[in-house]
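Take a look at the structure below.
Laboratory data are not the source of any read-out in this text; all were calculated from the coordinates shown. Predicted model only: the values in this text are computed from it and were never measured. Counting neighbours? That spans all protein chains shown, and the Cβs are built from the backbone with ideal geometry, glycine included.
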Amino acid sequence: MTLQRSLLDKNERLAQQNRGYFRAKKLLVLNVVSSPGSGKTTFIRETAVQLAARLRVGVIVGDLATDNDAARLRTAGIPVIQITTGTVCHLDAEMISRAAGQLDLDHLDVLVIENVGNLVCPADYDLGEDLRVVLLSVTEGEDKPLKYPPMFHSAHVAIITKSDMAVAAGFDRPMALANLARASHHARIFELSAKTGAGMAAWLDFLVSKRA
Ligand SMILES: Nc1nc2c(ncn2[C@@H]2O[C@H](COP(=O)(O)OP(=O)(O)O)[C@@H](O)[C@H]2O)c(=O)[nH]1
Ligand SMILES: [Mg+2]
């Protein structure tokens, strides 16, 4: 067995442990993945803030370096743990297990994990989430789903973000939707702007129904 294979097998075991633990705590767990800068932190912050009256949301955020994202989320009153991975380009199930132990999970309904920004490494690592959520911003090119098939194929939800910038970016919406239909054919698709709030209501209602 190759080293890579045994690492992935170990991750899979730990991910299943996480999943069992999170289920027992009645937590809905999201693993949010995308290219750097497509809007993960902003989207997670708006999701948590706008859900606050209905569900309590905590966040684990991963980056190679800095705790900037955790600081941004904390100022919005969101319980958050930052993981810095150094050179590692993804989060793994063991990191999540350790970070989750630092959150008061008994007082949360939803745990959102912001993965390290890239569309390659995180695809192979189950974290024990219920839903893998991939973001595609209107500024990054409609063909990303075709270029990164494992990530888009494994997603349960695909979200077109920064819809407020679609015209300025010359976003080809029919093309993006066609590409998502090919690469993420079983995924639920939402289109929204975390900045203006357009489209957020449908996403929030979806989360509430999933948690129930
Ligand atoms: N216009 C617009 N800008 C956004 C939106 N969401 C995020 N941004 C901006 O995109 C940049 C990167 O966002 P960030 O949340 O840090 O992305 P991350 O690297 O994926 O976590 C920041 O300048 C955000 O203000 C959006 O819905 N509309
Ligand atoms: Mg971020």
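Projecting the Cα atoms of VAL138, ILE44, THR66 onto the dipole axis of the chain, where Lys and Arg carry +1 and Asp and Glu carry -1 at the beta carbon, places ILE44 farthest toward the positive end. Once Rg and the Kirkwood radius are both taken over the C-alpha atoms of region 3-211, their ratio Rg/Rh works out to 0.94. Rounded to the nearest 20 debye, the dipole size of region 3-211 about its Cα centre is 380 debye, using +1 on the Cβ of Lys and Arg and -1 on the Cβ of Asp and Glu.
Work out, step by step, the length gained on full extension between THR196 and VAL120: first 0.36 nm times the residue separation, then minus their alpha carbon distance; give nm to one decimal.
Values: separation 76, 0.36 × 76 = 27.36 nm, distance 2.92 nm.
Length gained, THR196 through VAL120: 24.4 nm.
Across the options GLN16, PRO122, ALA178, the greatest Cα extent toward the positive end of the charge dipole of the chain (unit charges at beta carbon of Lys, Arg, Asp, Glu) belongs to GLN16. Result for the chain in a Gaussian network model with C-alpha springs under 10 Å: among ASP109, ASP69, ASP172, the largest mean-square fluctuation is at ASP172.
Taking the charge dipole of the chain about its Cα centre, with +1 at Lys and Arg Cβ atoms and -1 at Asp and Glu Cβ atoms, the residue from LEU55, PRO79, ALA198 reaching farthest to the positive side is LEU55. Computed from label points 7 Å out along Cα-Cβ, the spacing between ILE189 and ALA76 is 2.5 nm.
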